[in-house]
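**Student:** Mind having a look at this structure? Questions to follow.
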Amino acid sequence: MARYRVAALYRFTRFEDPAALRGPLAALCCGLGVRGTLLLAREGVNGTIAGDDAAIEAVLDHLRALPGCADLTPKTAWTDRMPFHRMKVRLKKEIVTLGEPDLDPTDAGTYVAPADWNALIADPDVAVIDTRNAYEVAVGRFEGAIDPKTASFSEFPAWFRAWRREREAARGADAAPLKVAMYCTGGIRCEKSTAFLKAEGVEQVFHLRGGVLDYLERIPEAESLWRGECFVFDERVAVGHGLAPGTHVLCRGCRMPVSPEGQTSPLYVEGVSCPACHDQRDADQKARAAERHRQALHCQALGIDHVGARLPAKTVGT
């Protein structure tokens with residue numbers, strides 16, 4: 001059985017003409033049988049691709065030859081099924097949407113290695129902020145971290161400005177300067193948000209190098225301050241320490257993670273709905289979803305892909 005390498009990558013750098021990079025990159029990926037999505041913007045590149053090992057290395061070599069990308073290092077996982085149906089190379093205004101057009105994302109905060117993270121966030125003077133969305137935080141978080149309860153990353157600037165005003169009003173003029181540590185799944189959101197905080201005048205701002213995934217891979221569970229699992233944007237759904245497969249599944253109706261408790265609910269119907277979306281979907285929608293899931297199971301039994309409702313692949317992080 002074929003094994004596919006899945007590479008998740010990003011790099012904030014300056015592309016003067018991202019449109020000129022699109023054609024050669026798309027042609028290379030398609031010619032090598034690589035699938036997935038890559039986003040190009042003036043601020044850099046972001047995406048996840050899958051293919052055989054040699055093909056992925058060829059695409060990475062191409063990307064590393066682009067301005068500012070020489071030391072691009074992806075996060076790798078392996079799967080026994082191709083997790084994508086096509087290759088897309090898209091032009092965007094931002095590779096991760098924060099909505100601050102004048103921000104320089106290369107002027108980020110101070111990286112903190114996973115080995116040094118526990119000591120930093122144990123400091124009572126450090127405000128630890130989770131930059132992920134609320135449904136991700138519900139799956140797992142660092143002990144004591146602040147949850148902004150955002151539905152999308154673009155809500156973060158407004159949340160932070162309001163939170164900072166309230167904090168300063170409560171602490172008064174003599175309060176110590178703000179010191180912030182931030183994290184996200186793989187590093188891209190907290191890297192950009194630290195640049196945002198610096199632009200807002202926060203001088204002491206730190207972020208977890210490699211994100212939660214690097215922390216879970218490197219820090220033994222006995223020493224870890226992470227609680228729960230980490231939601232990931234692929235068919236694994238969530239992972240635990242050592243990047244072991246988690247216990248959450250993905251609702252095919254609303255694309256939200258469903259906990260083990262949620263899976264026991266009478267409102268959870270595999271391939272159709274979960275407690276979060278059951279009452280928001282009408283009978284017609286549920287019937288169509290049920291038929292897609294039936295077709296997906298049939299295709300899986302035949303060993304062929306089904307575009308409408310992909311079933312989880314066996315994926316192992318490395």
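**Student:** Where in the stretch 74-127 are there strands (runs of 3 or more DSSP E), lying fully within it, with 1 or more residues that are assigned by TED's automatic domain parsing to the domain that holds E43 and at pLDDT below 95?
**Tutor:** Where strands (runs of 3 or more DSSP E) fall fully within the stretch 74-127 and carry at least 1 residues being assigned by TED's automatic domain parsing to the domain that holds E43 and at pLDDT below 95, they are 75-79.
**Student:** Can you tell me which residue in the stretch 1-27 is surrounded by the fewest Cβ atoms within 10 Å (Cβ to Cβ), limited to those that are among the aliphatic types (A, V, I, L, M) and farther than 15 Å from L72 by Cβ?
**Tutor:** Per the stated criteria, the residue is M1.
**Student:** OK, next. If you scan the stretch 216-243, which residues turn out to be loosely packed, with under 14 Cβ neighbours inside 10 Å, assigned to a loop (DSSP other than H, G, I, E, B) and modelled with pLDDT under 95?
**Tutor:** Listed by number, the list holds a single entry, F233.
**Student:** If you don't mind, another one. Go through the stretch 23-70 and report how many residues are over 22 Å from F233 (Cβ atoms) and touching a residue at least 60 places away in the same chain (Cβ under 8 Å).
**Tutor:** 0
**Student:** Another one. Consider only pairs whose beta carbons are under 7 Å apart and that are at least six residues apart or on different chains; among these, list those whose first residue lies in the stretch 150-162 and is outside the structural domain of T131 (by TED's automatic domain parsing) and whose second residue is at pLDDT below 95 and not β-branched (V, I, T).
**Tutor:** If the second residue must be at pLDDT below 95 and not β-branched (V, I, T), no pairs are left.
**Student:** Sticking with this one: Suppose we keep only residues that are in contact with a strand residue (DSSP E or B) (Cβ under 7 Å, 6 or more places away or on another chain), in a loop (DSSP other than H, G, I, E, B) and of a type outside the set (S, T, Y) within the stretch 275-318. Which one would you say is modelled with the highest pLDDT?
**Tutor:** Within the stretch 275-318, the match that is modelled with the highest pLDDT is R281.
**Student:** Examine the stretch 153-171 for a residue that is farther than 22 Å from E100 by Cα, of a type in the set (A, V, I, L, M, F, W, C) and part of a helix (DSSP H, G or I), and state whether such a residue exists.
**Tutor:** Within the stretch 153-171, one or more residues are farther than 22 Å from E100 by Cα, of a type in the set (A, V, I, L, M, F, W, C) and part of a helix (DSSP H, G or I).
**Student:** Working carefully through the options R141, R167, find the one that is outside the structural domain of C254 (by TED's automatic domain parsing), touching a Gly at 6+ places or on another chain (Cβ under 9 Å) and of a type in the set (K, R).
**Tutor:** R141
**Student:** If you don't mind, there's one more thing I want to ask. Given the structure, is V180 at pLDDT 95 or above, surrounded by fewer than 24 Cβ atoms within 10 Å (Cβ to Cβ) and not in a loop (DSSP other than H, G, I, E, B)?
**Tutor:** The answer is yes for V180.
**Student:** Going through the stretch 40-73 one residue at a time, which ones are surrounded by 20 or more Cβ atoms within 10 Å (Cβ to Cβ), in contact with a helix residue (DSSP H, G or I) (Cβ under 7 Å, 6 or more places away or on another chain) and not in a helix (DSSP H, G or I)?
**Tutor:** Selection gives L40, V45, N46, I49.
**Student:** May I ask you to list the residues in the stretch 80-102 that are crowded, with 19+ Cβ neighbours inside 10 Å, touching a helix residue (DSSP H, G or I) at 6+ places or on another chain (Cβ under 8 Å) and more than 25 Å from Y4 (Cα to Cα)?
**Tutor:** Answer for the stretch 80-102, where residues must be crowded, with 19+ Cβ neighbours inside 10 Å, touching a helix residue (DSSP H, G or I) at 6+ places or on another chain (Cβ under 8 Å) and more than 25 Å from Y4 (Cα to Cα): V96, L98.
**Student:** How many of the residues making up the stretch 244-274 are under 20 Å from A134 (Cβ atoms), not in a loop (DSSP other than H, G, I, E, B) and not polar (S, T, N, Q)?
**Tutor:** Final tally of qualifying residues: 7.
**Student:** While we're looking at this one, here's another question. Since A113 meets every condition but one in (1) crowded, with 19+ Cβ neighbours inside 10 Å; (2) closer than 18 Å to I188 by Cβ, which condition does it not meet?
**Tutor:** With (1) crowded, with 19+ Cβ neighbours inside 10 Å; (2) closer than 18 Å to I188 by Cβ applied to A113, the lone miss is (1).
**Student:** Which is over 17 Å from the mean Cα position of the chain (by Cα) and within 23 Å of T110 (Cα to Cα), of E203, E191?
**Tutor:** So the residue among E203, E191 that is over 17 Å from the mean Cα position of the chain (by Cα) and within 23 Å of T110 (Cα to Cα) is E203.
**Student:** Can you say whether V205 is modelled with pLDDT of 95 or more, among the aliphatic types (A, V, I, L, M) and either surrounded by fewer than 22 Cβ atoms within 10 Å (Cβ to Cβ) or in contact with a strand residue (DSSP E or B) (Cβ under 6 Å, 6 or more places away or on another chain) (or both), as far as the supplied structure shows? Quick ask: steps written out before the conclusion?
**Tutor:** Numbers: modelled with pLDDT of 95 or more: yes; among the aliphatic types (A, V, I, L, M): yes; either surrounded by fewer than 22 Cβ atoms within 10 Å (Cβ to Cβ) or in contact with a strand residue (DSSP E or B) (Cβ under 6 Å, 6 or more places away or on another chain) (or both): yes.
Judged against the criteria, V205 is a match.
The values are calculated or read from the model by the stated rules, or taken from the named source; none is laboratory data. As the structure is a computational prediction, the values presented were derived from the model and not from experiment. When we count neighbours, we look across all protein chains shown, and the Cβ atoms used for this are built from the backbone with ideal geometry, even at glycine.
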